[in-house]
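Down below is the structure, laid out as structure tokens.
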Amino acid sequence: MKEVRVLVAQLSSSAKPLTKTAFRKVLLSPAIHLLGIRKKGKLVAMGTLMIMHSVVGVRGRLEDIVVDEA
């Protein structure tokens, strides 16, 4: 979770610190998939895939994409 917090801070300077409760809600939501990329064991990028159902079918939307600035 520490690595995720670092990336969230890089994504938005106005974002509130990620709490364990909020992180758990994301992980447990059937409509949200947290995607990550690791390089040499370190989380270097992540994004959120949101799955939505509508009258025309299922859609996905990528949000909160961030790549480590280091």
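The values are calculated or read from the model by the stated rules, or taken from the named source; none is laboratory data. All values derive from a computational prediction rather than experimental measurement. Every residue, glycine among them, receives a Cβ derived from its backbone with ideal geometry; neighbour counts consider all protein chains shown. Note: areas computed on protein heavy atoms with side chains; ligands, DNA, RNA excluded. Shrake-Rupley method; radii C 1.70, N 1.55, O 1.52, S 1.80 Å.
Only residues in region 52-65 that are under 21 Å from Val8 (Cβ atoms) count as the first member; pair them with residues that are modelled with pLDDT under 95, Cβ under 7 angstrom, at least 6 apart or cross-chain, and list the lot.
Cβ pairs passing all conditions: Asp64/Leu11.
Can you tell me which residues in region 30-61 are among the polar types (S, T, N, Q) and surrounded by 13 or more Cβ atoms within 10 Å (Cβ to Cβ)?
The one that is among the polar types (S, T, N, Q) and surrounded by 13 or more Cβ atoms within 10 Å (Cβ to Cβ): Thr48.
Tell me which strands (runs of 3 or more DSSP E) are completely within region 7-70 and hold 3 or more residues being polar (S, T, N, Q) and out of contact with any Pro (no Cβ under 7 Å at 6 or more places or on another chain), or say none if there are none.
Ranges flagged: none.
For region 10-27, check the following and say yes or no: at least one residue is open to solvent by less than 70 Å² (accessible area, probe 1.4 Å) and of a type in the set (D, E, K, R).
Within region 10-27, not a single residue is open to solvent by less than 70 Å² (accessible area, probe 1.4 Å) and of a type in the set (D, E, K, R).
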